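Structure, as structure tokens:
Throughout, read-outs are computed from the coordinates displayed, never taken from laboratory work. Keep in mind it's a predicted model, so treat the numbers as computed, not measured. In this analysis, Cβ positions are derived from the backbone assuming ideal geometry, glycine residues included, and neighbour counts consider all displayed protein chains.
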Amino acid sequence: MEHERMSDEQRRIGRETKRIQTMKRIEENKREQERVYLESVRSSEGFKRSLLKKNKK
């Protein structure tokens, strides 16, 4: 009986650990997507500015 309860506890801890790891991965992915998005926005803004400068000449 003690062995069974221990394995249930270990399974619960394992599930909790997996859930936490998954949540961390999701957060990391969100941050990475945001970083890539902001980078692309900045580069497109820089591109637009360079086009405006070319057109003014």
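When the helices of the chain are scored as -39500 (n - 2.57) per DSSP H run of n ≥ 4 and the total is divided over every residue, the value at 222 nm lands at -36500 deg cm²/dmol.
Cα convex hull, the chain: 26 Å³ per residue, rounded to a whole number.
Ordering Thr17, Ser7, Ser44 by the projection of their Cα atoms onto the charge dipole of the chain, which places +1 on the Cβ of Lys and Arg and -1 on the Cβ of Asp and Glu, puts Ser44 at the extreme positive end. Computed about the Cα centre, the dipole magnitude for the chain is approximately 960 debye when only Lys and Arg (+1) and Asp and Glu (-1) carry charge, each at its Cβ.
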